[in-house]
Structure formats: structure tokens, C-alpha cells
Amino acid sequence: MKITIIGTGYVGLVTGTCFAEVGHKVICVDCDAAKIKLLQEGGVPIYEPGLEELIQKNAASGRLAFRTSTREGVEQSDVIFIAVPTPPLPDGSVDLSFMEGVARDIADAMTSYKIVVDKSTVPVKTGEKVSETIRRYCKSRVEVDVVSNPEFLREGFAVEDFLKPDRVVIGVRSQRPVTALREIYAPFNCPIIVTDIHSAELIKHAANSFLALKISYINAISVLCEASGANVQEVANGIGMDHRIGRAFLDASLGFGGSCFPKDLSAFIKISEQLGYDFGLLKEVQKINAQQMDRFFKKIVDTLWVLKEKTVGVLGLAFKQNTDDIRMSPAMELCHRLRKEGAILRVHDPQAMEKAKAVLPNVTYVSDMNSVADGCDALVVATEWPQFKKLDLDRVRKVMTHPIMFDGRNMFDLEEMERLGFIYKSIGRQCQS
Ligand code: NAD
């Protein structure tokens, strides 16, 4: 199939590259000329394991091209995917101006029948609006089918998730575009669920809100564990082995962040409100998440007392492991709070330091994770990068002014940390002695 992707970010670039990998001919369009130039020259604007190799291979084979012109993309493809941002507005609702702009650009360039597929996360009924907008602005009076195809990939595992999805959801208003969509996804050998367009749109917000709910649930349990002396990891294992519940997303932490969960949760609460339902359950999910960060920060303040001029090392800036994405990162929020209280920061992240430098000045960026602790009054683990488990803890303890560690991701063994001589504070668990 000839496919164009409009919006070449985390979702669009992975989508376009993986479609090319399975044999489709793909044009990735973006209005950011610098990003397209970088891609045309063989660079990759984001860090995502395995992506660079696939881009190089498919660009060299001629199946993957990068352009700034939506018109060119629309003219040369049968199916057009939209993967532009849908950021939150101050009241929590979704800013759909990028979607609307792209719908008009597509309409302006259309001279024959096209299938327009929305991959961005949007409120239920957005497909109707996209369809209306294209029909209104298209001078050629040609037909269009608008489809909802929400994306479930996880940053950090995006290529793997895209190539081996649990399921693909295709929401349609008529059966006409279904054959083409099935053909596009046939090489992925995964279950394809065809629904009405409203259900497909709802599935995405419902799925992300449920995952956020699971995280807040275990974070609430972690509070009970701290109060009672239980261990949240044992509890999570015990309940997670029940296949009706599952172990995934039951890791207590300093809270969830990133460009999706917080915004999708706010959006779903707002969408529900507009549909006449007060989704109080999800408001509680948000509240628990905010409290978790407050509680973690309070642990630091309670232990160090005055933060002014204390040197604190922070391991992790990205919102989670395997990505350079710092959007709505709990680690970044923590850094800002520590700086606001006057702490001197030494920070490290395996991939996110370049992006962090633009928004977190006046801190020392340390390239080696083991050196972050040098001269620190405390060390904080804020992102669950697996390599942090290999920290040289013996060295870390020796170079710190005080061997105090706050672990917001429960990465280390309680007894081991005690044996090494750390004052070790994690989430929902403490040493029995
Ligand atoms: P992103 O910010 O990384 O990328 C969006 C890209 O769209 C940017 O490169 C931007 O320059 C481009 N763009 C904006 N307006 C444009 C226009 N008019 N024409 C061409 N390009 C334009 O965003 P993302 O993280 O890829 O998210 C895109 C959508 O996918 C959002 O709705 C998001 O909620 C959803 N989503 C994201 C993830 C994720 O893990 N990031 C997962 C699933 C769904």
C-alpha cells in the first residue's frame, strides 16, 4: 500500500518506519523542517531502541521517505494516517487544533478518494468532526472515509510493540475502508478488531485510564504498606499472580508521568463530563498520583531537613526507562522541586540529558552514572533505567558525604542496602530490623 503519515514524532515515525519494514511504501510528513532535514540526512530525532537501524534500512530501500509537504504526501498515497499532537488545554480538555489544521490541509490537497486514519489519541466523536471538516474544505468534491486506529505502543518499546501488537483496533463508519486497513495490518499477524468509530476512539482513552488506575491503586496500597510494615512488592506479586488481575502496572513508584497518561486521564475526565458523567474514580486516580510525588518529596525533606545548599544526585530524567522523552516526567518535576528549595543538583540519564538541558539549567550533568553520587548528601533514583541496578553501590556509598538514598522506583534490595550501610528509603517497603 502507499501510505502517508502526517506528524513524524514518537508515534508517526515508528508507525511509518514499521509500515515500511513490512513492505508498504511510506512518506512521513512533518511541518518541522529541521526534523525532516535531519531524517533525510540519516539522523534520528528521538531515542527508541531498534528504530535507527530500521529507518536506515528502509530509507535505503526506497520504501521510506521524509517530506515537509502534506500536499505531496496526500497526492502520492491512498491512505493517510494522522499522528499529530493532541495536547491538553488548561482546563484538561484536548487541544484539537493540530487535528483540525491537518484535516484542512488534507482536504486542500485531495483530488481523489482517500482513506484518512486517525492515530492520534482523540476524544470520542472526533472522527465525525475530521470527516465533516475534510468534506467542507475539499474543493474537488471527492469522497473520503475517516477511520479511527488508536495506537497503543509504549515509548521505549515502541518498535517491538508496533511490530507485535496485542491487537489492532479499527473504527469505521462504513465497511468501505476495512479491506485496505486489513491489508495494511495483515503482515503483523495480530488480532484485528473492527468496531464502530466511536468505540475505537473510546477504547484508547479507556485503556490508558485503566493502566493509570492500576498504578494509582498499587501506589495507594504502598501507603498502607508503609503504615503497616508490609512490603508493596510482595503484595503486588501476591495479587498479580491472579490472572484476572495480572502483575503488569503494579509497581509502586513516585507516580506516573509522560506525554500520555496525565493528559489522557484529564481528557477522559473532561470528555465524561461533557457526556454527562462525573468520572469521580479517575479524579481519585489523579489525586493519588499527585499525592505520591508529594509524599516522596516529603520523605526527602523529612530526612535532609533543609535542602538549601545540600548536594543531591538524581539518577534518571526521562519519564521512564528506554526513552529520551522528558515530557511530564516525574523525575523532572522532582528536580524542579529540589532546585526550588535551593538544592545543588548532580543529574544523570542515559538518554535524556540533551533534552533536559533546555529546560533544567544550573545543574551539573554527569555522564557516568557512578560519578553522580560524588560529594552528595543524598542520591535519588527517579527513573527505572535497568542499568541503575548495576550501580557500583560500594563506590557510591564511599564517595557520598552521607550515604542516603531515596529510591522512587524500588530498584534495590532492602537487606543489601542496609548491609552496605545506606540509609535507604523506597516506596511502600522498609527494612524489618
Ligand atoms: P510528537 O509531539 O512526538 O509528534 C508529533 C509530530 O507532529 C511533531 O513532530 C510535530 O512537528 C508534528 N506536527 C504537528 N502539526 C503538524 C502538521 N500540521 N503537519 C505535519 N506535522 C505536524 O507526538 P507523539 O508522542 O508522536 O503523539 C502523537 C499522538 O499520538 C498524540 O495524540 C498522542 O497522544 C498519541 N500517542 C502517543 C503515544 C506515545 O507514546 N508518545 C502512544 C500512543 C498514542
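The values are calculated or read from the model by the stated rules, or taken from the named source; none is laboratory data. What you are looking at is a predicted structure, and each value in this text was computed from that prediction instead of being measured. All Cβ positions, even for glycine, are placed from backbone atoms using ideal geometry, and neighbour counts span all protein chains on display. Surface accessibility is based on the protein's heavy atoms, side chains included, excluding ligands, DNA and RNA. Shrake-Rupley method; radii C 1.70, N 1.55, O 1.52, S 1.80 Å.
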**Request:** Enumerate by residue number the chymotrypsin sites (Phe, Trp or Tyr not before Pro) in the range 63-147 meeting two conditions: DSSP loop (anything except H, G, I, E, B), and at most 16 other Cβ atoms within 10 Å of the site's Cβ.
**Result:** Tyr113
**Prompt:** Once the piece of chain linking Ile245 and Leu89 is laid out straight, how much longer is it, given 0.36 nm per residue of separation minus the C-alpha distance between them?
**Reply:** 52.8 nm
**Request:** Report in % the part of the accessible area of the range 288-340 that belongs to carbon and sulfur, leaving out ligands and nucleic acids; probe 1.4 Å.
**Result:** 56 percent
**Request:** Excluding residues on the same chain fewer than 8 positions from Lys308, give the aspartates and glutamates whose Cα lies under 15 Å from its Cα.
**Result:** Glu341, Asp377
**Asked** Between Thr195 and residues 5 or more places away or on another chain, which pairs have amide H atoms under 5 Å apart, with H built 1.01 Å from N, and which residues are they?
**Response** Ile170, Gly171, Val172
**Request:** Straight distance only, please: which lysines reach the Cα of Lys355 with their own Cα at less than 17 Å, same-chain residues fewer than 8 apart left out?
**Result:** Lys35, Lys320
**Item:** Charge sum, other residues only, whose C-beta stays under 12 Å from Thr17's C-beta, Lys/Arg counted +1 and Asp/Glu -1
**Value:** -2
**Request:** For Ile82, list long-range residues whose amide hydrogen, built 1.01 Å from N in the peptide plane, is under 5 Å from its own amide hydrogen.
**Result:** Ile6, Val117, Asp118, Lys119, Ser120
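Counting other Cβ atoms within 10 Å of each Cβ, which chymotrypsin sites (Phe, Trp or Tyr not before Pro) in the range 227-318 have at most 10 and sit in a DSSP loop? Before the final figure, lay out each step's value.
Working: sites: Phe249, Phe256, Phe268, Tyr277, Phe279, Phe296, Phe297, Trp305; in loops: Phe249, Phe256, Tyr277, Phe279, Trp305.
Hits after loop and neighbour filter: Tyr277, Trp305.
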**Request:** Please give the per residue accessible area of the range 73-124, computed with a probe of 1.4 Å over protein heavy atoms only, in Å².
**Result:** 36 Å²
**Complete:** If amide H atoms are modeled at 1.01 Å from N in the peptide plane, then the residues at a separation of 5 or more from Cys28, or on another chain, having amide H under 5 Å from its own are Ile5, Ala65, Phe66, Arg67
**Fill in**
Distance in nm between Glu309 and Glu415 label points, each 7 Å along Cα→Cβ, equals 4.2 nm
**Message:** Counting heavy atoms of the protein chains only and a 1.4 Å probe, report the per residue accessible area for the range 171-258 as a whole number of Å².
**Reply:** 48 Å²
**Proximal lysines to Lys125, defined as alpha-carbon separation beneath 29 angstrom and excluding residues fewer than eight positions away on the same chain** = Lys2, Lys114, Lys139, Lys164, Lys204, Lys214, Lys263, Lys270, Lys283, Lys287
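Which percent, nearest 5, of DSSP beta bridges in the chain are antiparallel?
Bridges in the chain that DSSP calls antiparallel: roughly 5 percent.
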